[in-house]
1. Taking helices (runs of 4 or more DSSP H) that do not extend beyond segment B:49-162, which have at least 1 residues that are more than 14 Å from chain A (Cβ to nearest Cβ) and either of a type outside the set (Asp, Glu) or open to solvent by less than 30 Å² (accessible area, probe 1.4 Å) (or both)?
2. Which members of segment A:53-68 meet the condition of being loosely packed, with under 12 Cβ neighbours inside 10 Å and either within 11 Å of another protein chain (Cβ to nearest Cβ) or touching a strand residue (DSSP E or B) at 6+ places or on another chain (Cβ under 9 Å) (or both)?
3. Find all pairs meeting these conditions: Cβ atoms under 9 angstrom apart; at least six residues apart or on different chains; first residue within segment B:228-240 and free of Cβ contacts under 8 Å to residues at least 24 places away in the same chain; second residue open to solvent by 10 Å² or more (accessible area, probe 1.4 Å) and not in a helix (DSSP H, G or I).
4. I'd like to check something: does segment B:19-40 contain any residue that is more than 20 Å from B:Ser189 (Cα to Cα) and crowded, with 23+ Cβ neighbours inside 10 Å?
5. What are the residue pairs meeting all of these: first residue in segment B:261-276, first residue at negative phi, second residue open to solvent by 40 Å² or more (accessible area, probe 1.4 Å) and modelled with pLDDT under 95, Cβ atoms under 8 Å, and 6 or more apart or on different chains?
6. Tell me, which residue of segment B:54-81 that is in contact with a His (Cβ under 9 Å, 6 or more places away or on another chain) and not small (Gly, Ala, Ser) is nearest to B:Glu37 (Cα to Cα)?
7. Scan segment B:28-48 for residues that are part of a helix (DSSP H, G or I), under 10 Å from B:Phe195 (Cα atoms) and among the charged types (D, E, K, R) and jot them down.
8. Hey, can you tell me all the residues within segment A:1-43 that are open to solvent by 80 Å² or more (accessible area, probe 1.4 Å) and either in a loop (DSSP other than H, G, I, E, B) or hydroxyl-bearing (Ser, Thr, Tyr) (or both)?
Amino acid sequence: MSIRDKVIAIIAEQALLEPADVTDSSTLESLGIDSLGLVESIFAIEEAFDISVPFNANEPSAGDFDISSVASIIAGIETLISQRT
Amino acid sequence: MNRVVITGAGTINALGHSVPDTLAAMREGRCGIGPLEFRDVERLSIRIGGQVRGFEPQEQFNRQQLSLYDRFTQFTLIAAKQAIDQAGIEFSDELAARAGVVLGTAGGGVSTWDDNYRSVYEDGKNRVHPFVVPRLMNNAAASHVSMEYNLKGPSFTVSTACASSNHAMAQAFAMVRSGLAPVMVTGGSESMLCFGGVKAWEGLRVMSRDACRPFSLGRNGMVQGEGAGIFVFEEYEHARARGAEPLCEVAGFSMSSDAADIVMPSKQGAARAISGALRDGRIAPEDVGYINAHGTGTNANDKTECAAVADVFGAHADQLMISSTKSMHGHLIGGTGAVELLACIMALRDGVIAPTIGYEEPDPECALDVVPNQAREAKVSVVLSNAFAFGGLNAVLALRKV
């Protein structure tokens, strides 16, 4: 499974949707994922890829990790994975 | 001051997953204590407990709920649903704004602590699930009850070890009696039956390896249980106006502190709590027909409790019945008073006194009628429920037939 598919699967599970319903332009808000759902998704992503996502719920827009859309989340994770190796 | 009645009761514990099942087990003198089953139990020297069996959380809650509910919260929500369904009450508008929930627990989400300590210490993981804190906090159960039933009034959790539930229910009673709230959901829950929870108790060397035999000669300690008991406390006229059928009346309470020792019980502290509850409920000592004892099955508690009862009641101590249902469901620690209140309700409503099972031989230091081994039919109109906690914090409730 590609990074992209894996991330989408995690987000879809959190949103109780089919992966096909999660698109690049979807936002967490449009998928109905609230703040608790967000931290749970990030936890699942960290577990799945063995990375540490620099996300602070107090400042969601601060830092390099962009959560504004599914595409930006995937891009951020790809960057973190490339930095890991 | 308002009169306060109980209009709903719910439970899940080692004797049953409902009030009728639990009371049937108490009537039969059935023992819910057995071999513990969980990870690493073979590393414990204490391997028995009153575990809730046949309980599948996945059948009761969805995945999202399960990620937030520790076992003590799961127990609470199951018992709360039964109680609120029985009361037939819905919380909306003004009632919702004033009604609240006060619950007792000693440890809160013990298995959440346990699982996650294991994960970071033993398994060497450096990341834990984001909901560890909201799962384990002692007020999680009370908060989830408030969210589930729209209770927006005074809500909090009381933690006084083995007296937590009695302190919580005393507080809820005081709130309804004073008019602060027309209805309160109250009781308590505990779920410490996991490796770390039992290991900690094992360290204190007060646990029995074979059975909980309160008041019996040869008793050798307490046995832990788990579960929850939840009640709806309601102002009498409020209940009457909506045609609710009261299970019994809450007549009085007392709280006292020994201010003496962190673990050893005190006869004076216990006696002050018992006599205080009588005074508070304007109850003549000779009207008390039954006491649900704290009766832990430790040497120290049982003789101290009997001495306190003898001091308060004088000659009447030989006329009343006193039993410890911990012999059947184990010691639910912070949830114990709540499950034991069910035995009090059974005594008042059904005229059945729950027995002290596992009783082998009379102990001269516990020379009261402890209803050994077999339930008994008896008409009683006033009963007490004792709870005497580690730390010397005592809370006694008095209940009366409506």
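The values are calculated or read from the model by the stated rules, or taken from the named source; none is laboratory data. This structure is a prediction, so every number in the text was calculated from the model and none was measured. As a convention, Cβ positions derive from the backbone with ideal geometry for all residues, glycine included, and neighbour counts pool all protein chains shown. Side chains included, ligands, DNA and RNA excluded: accessible areas come from the protein's heavy atoms. Shrake-Rupley method; radii C 1.70, N 1.55, O 1.52, S 1.80 Å.
1. Values: elements: B:57-60, B:63-68, B:71-87, B:93-98, B:110-117, B:132-136, B:140-149.
Those helices (runs of 4 or more DSSP H) span B:57-60, B:71-87, B:93-98, B:110-117, B:132-136, B:140-149.
2. Matches in segment A:53-68: A:Ala57 only.
3. The qualifying pairs are B:Arg240/B:Pro246.
4. Taking every residue of segment B:19-40 in turn, none turns out to be more than 20 Å from B:Ser189 (Cα to Cα) and crowded, with 23+ Cβ neighbours inside 10 Å.
5. Hits for this filter: B:Val263/B:Leu204.
6. So, considering only residues that are in contact with a His (Cβ under 9 Å, 6 or more places away or on another chain) and not small (Gly, Ala, Ser), the one nearest to B:Glu37 (Cα to Cα) is B:Phe55.
7. Start the filter on segment B:28-48 by keeping residues that are part of a helix (DSSP H, G or I), which leaves B:28, B:41-43.
From the residues that got through so far, the ones that are under 10 Å from B:Phe195 (Cα atoms) too are B:41-43.
Listed by number, the residues that qualify are B:Glu42, B:Arg43.
8. Scanning segment A:1-43 gives A:Met1, A:Leu16, A:Glu18, A:Ser25, A:Glu29, A:Ser30, A:Asp34, A:Ser35.
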